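What follows is a short report on a single structure.
The values are calculated or read from the model by the stated rules, or taken from the named source; none is laboratory data. None of these values were measured; they are calculated from a predicted model. Cβ atoms come from the backbone with ideal geometry, glycine included; neighbour counts cover every protein chain shown. SASA here: full protein model, heavy atoms, side chains in, ligands and nucleic acids out. Shrake-Rupley method; radii C 1.70, N 1.55, O 1.52, S 1.80 Å.
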Amino acid sequence: MPSDQVRLLLVEDVPQVAQYVRGLLNAQTQIRLVDVIADGGQAIGQLADQRPDVIVVDALLQGRIRGMTLVKQLHESGLGIPVFVLTVPQNPVLIDPDKGVHDVLSMPFNGYDLMTKVVGLHKANTAVADRGPSRMVTVFAPKGGVGKTTIAFNLAVAASQLGAKVVLVDGSVQFADLRAFLRVPLDAPSMLDLPTDRVAEADLADVIWRDASGIDILLAPPRIEQAEMVLARDLEKTLSLLRRLYELIIVDTGVALGDLTLSLLDQADTILEVVTYDGTTIRNTIAMSETFQKIGYPLSKIQYLVNRADSAAGIDPGELSSLLGRDPEHRVRSEGPIVGPASNRGEAFVVSDPDAGVSRDLMSVAAAFAPHSIAPRRPAAAVAG
C-alpha cells in the first residue's frame, strides 16, 4: 500500500450503500477502504486495529448506537480522527467541528465527490497536526491611526512576559510598520531573505530579528518597491514552520485588503480587530464585519479590541456594541503620557511602565491568547527607566 494512501473506515448498515462506496473506491488508488462496519456499537473498538485516517458515518445508521450518537462518541473519544457524515437531503446535517462533524456529503454522490471530501479532510487534519498546538492571532484594522502596530507589538511582548514563546510577524509589507516603529536598521534581514522553495529552521534563525524586549520578529522588507516580491504562498510556508517553533504568532497586518492580507486573515486562528470611537473607523469596521461574513469566517474567529476605550468622543459605547452585534471582547484605555514616549523610543510600554493601567489592560488581552499564563516577569531597573 502506498504510504500516502488515505485509510478510510466506513460505518454503514445499508448493504447497497456500502457496496456502492466500495465500488467507487475500487477504481482509484488514493484511498484505501480498510473496513465497513455495520454496527455502530463496534466502531470505536475497531479503531486501534484499523487505524483510519478518516471515518465516514451514515447519519441514518440504525441500531443501539445510531449515526449521530456515534459521531458524538467519536468526538468525545479525543482520538482526533476527522469524521464526515453521509446523509440525504431530507435529513440535513450541519458541519460543526466542535460537535465532531467535520464535513457532510449528501446522497446521491459520485466518486469525485467522495474522493474530494476524504482527501481534503485528511490533508486539513494533517496540516493541523503538523503545526502543533500553536495559535496565530492576526491584528487587523480597516483604518490607519487606531494604534494597531502599537497594540500588536505590546501584545507580543506581554504574552512573552506571561511565559509564551512568541514571534511577531510584520505583515504590513509595503511600509514595514514594525521596522519603522522599532527603528530597525535598513540592512537587517527580512522575510525576503528566506528561500522560496523550502524554509528550514536554520534559515529562520538567520533572518529573525531579536528585539531588545526579548521577542523574535520576522521583519518586512525595508523598501516600498520590495513589497510586491513578498508572495502569499511563500509567507504561508514560513508561517507553517513558525507554528511548529512558536506557541503564539502575532501578525501585524496592513490596512489594505489585498491578497497578502487576506491570506494572513485566512490563516489566523483569531482575527483581533482594533476599533476606536471614531465614526469612520466604526463605519469601516461594520463594513468589514459584513465582508468577513461573506468570506465565511465564523463569528468566533473575530474578536474586537476597543483602543482608547476611555475616550468615547461623544459616541455611546452601547451604540458600538449594538452595531457590532455584541460587546467587544477587549478594551484598552488611553494613556498618552505612557504610550507616546515609549512608542517614540521604540519600546514596549508593558515593559517600561508595567503598572500603568494601559499596560494592565494589554496584559489581560495577552492572557486571553497565551497558551499558559504565569505571573508576568518584572523588568530590570535599567530597562524600566
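Observations
- Criterion (out of contact with any helix residue (DSSP H, G or I) (no Cβ under 7 Å at 6 or more places or on another chain), surrounded by fewer than 19 Cβ atoms within 10 Å (Cβ to Cβ) and not aromatic (Phe, Trp, Tyr)) met by exactly one of Leu47, Leu24: Leu47
- The set of residues in the range 84-122 being among the aliphatic types (A, V, I, L, M) and within 23 Å of Thr29 (Cβ to Cβ) consists of Leu86, Leu105, Leu114, Met115, Val118, Val119, Leu121.
- Hey, Gly346 under 18 Å from Ile250 (Cβ atoms) and either without any contact (Cβ under 8 Å) to a residue 24 or more places away in the chain or not in a helix (DSSP H, G or I) (or both) or not: yes
- Filter result for Lys117 (touching a Phe, Trp or Tyr at 6+ places or on another chain (Cβ under 8 Å), touching a residue at least 24 places away in the same chain (Cβ under 8 Å) and charged (D, E, K, R)): yes
- Matching residues, the range 30-54, being at pLDDT below 85, more than 31 Å from the chain's Cα centre (by Cα) and not acidic (Asp, Glu): Gln46, Gln50
- For the range 50-74, a residue qualifies if it is part of a helix (DSSP H, G or I) and open to solvent by 10 Å² or more (accessible area, probe 1.4 Å), and the qualifying residues are Gln50, Met68, Thr69, Lys72, Gln73, Leu74.
Rundown of residues vs (1) modelled with pLDDT of 95 or more; (2) open to solvent by 10 Å² or more (accessible area, probe 1.4 Å); (3) among the small types (Gly, Ala, Ser), yes/no style:
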| position | (1), (2), (3) |
| --- | --- |
| Trp209 | yes, yes, no |
| Ala256 | no, yes, yes |
| Gln267 | no, yes, no |
| Val274 | yes, no, no |
| Ser300 | no, yes, yes |
| Val306 | yes, no, no |
| Asp310 | no, yes, no |
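- The single condition among (1) in a strand (DSSP E or B); (2) surrounded by fewer than 22 Cβ atoms within 10 Å (Cβ to Cβ) that Leu241 does not satisfy is (1).
- Tabulated pairs, the range 40-62, first under 13 Å from Gln73 (Cβ atoms) and touching a residue at least 40 places away in the same chain (Cβ under 8 Å), second open to solvent by 40 Å² or more (accessible area, probe 1.4 Å) and of a type outside the set (A, V, I, L, M, F, W, C), C-beta under 8 angstrom, 6+ apart or interchain: Leu61/Asp13
- Figure legend. Inter-residue proximity from the range 362-373: first residues among the aliphatic types (A, V, I, L, M) and part of a helix (DSSP H, G or I), second residues surrounded by 16 or more Cβ atoms within 10 Å (Cβ to Cβ) and modelled with pLDDT under 90, beta-carbon distance below 7 Å, spacing 6+ or different chains. Indicated pairs: Met363/Pro376; Ala367/Ser373.
- Only a single item in (1) surrounded by fewer than 16 Cβ atoms within 10 Å (Cβ to Cβ); (2) touching a residue at least 60 places away in the same chain (Cβ under 8 Å); (3) within 15 Å of Phe140 (Cβ to Cβ) is not met by Leu262, and it is number (2).
- Filter pass, Lys123 being buried (at least 19 other Cβ atoms within 10 Å of the Cβ), part of a helix (DSSP H, G or I) and without any contact (Cβ under 8 Å) to a residue 40 or more places away in the chain: no
- Within the span defined as the range 2-19, one or more residues are open to solvent by 80 Å² or more (accessible area, probe 1.4 Å) and under 33 Å from the mean Cα position of the chain (by Cα).
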